[in-house]
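First comes the structure, then the notes that go with it.
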Amino acid sequence: MRHEIWIPYWHPTRLNAVRNRHWSAERAAKDRMARMIGTYALANRVPRAAGRRRAALEVTFGPGQRRPDQDAYDKLLLDSLKLCGMLTDDGARGLEGRLAVEFKRGPEWGTLLVLEDVP
């Protein structure tokens, strides 16, 4: 089953935004992201993960927003998805393949998370 979570006017925290800061900055960023994703997952009736899933991320940028590196969202986002229950594990036991990331531009910016249950 395929589940989509659209979060308007929000982008996940990039890893380089919390690196080389106090040790708690990374954990705080994960917690904020998990709360945001969990809230929108609940609103979209996305069930918690029961098994393995594929995950894809589509980040839409508005005018003047800069595109980051392809792997800028991987670690923190996967940890946050596990924290809020959208993945059972952010490793091979809970995630099939790698996080697929796509960037695009549009008038309405935000983040689309696509989670697909793997039989």
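The numbers here are math on the coordinates, done by the rules we state, and not lab data. Since we're looking at a predicted model, the values are computed, not measured. Methodologically, a virtual Cβ is constructed for each residue, glycine included, from the backbone with ideal geometry; neighbour enumeration extends over all protein chains shown.
At-a-glance table
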read-out: ALA41 vs. criteria assigned to a helix (DSSP H, G or I) and in contact with a Leu (Cβ under 7 Å, 6 or more places away or on another chain); value: no
read-out: Enumeration of residues in segment 1-16 that are exposed (fewer than 14 other Cβ atoms within 10 Å of the Cβ) and part of a helix (DSSP H, G or I); value: ASN16
read-out: Filter result (out of contact with any Phe, Trp or Tyr (no Cβ under 6 Å at 6 or more places or on another chain) and among the aromatic types (Phe, Trp, Tyr)) within segment 41-78; value: TYR73
read-out: Hits in segment 32-88 - residues which are within 12 Å of the chain's Cα centre (by Cα) and without any contact (Cβ under 8 Å) to a residue 24 or more places away in the chain; value: ARG32, LEU78, LYS82
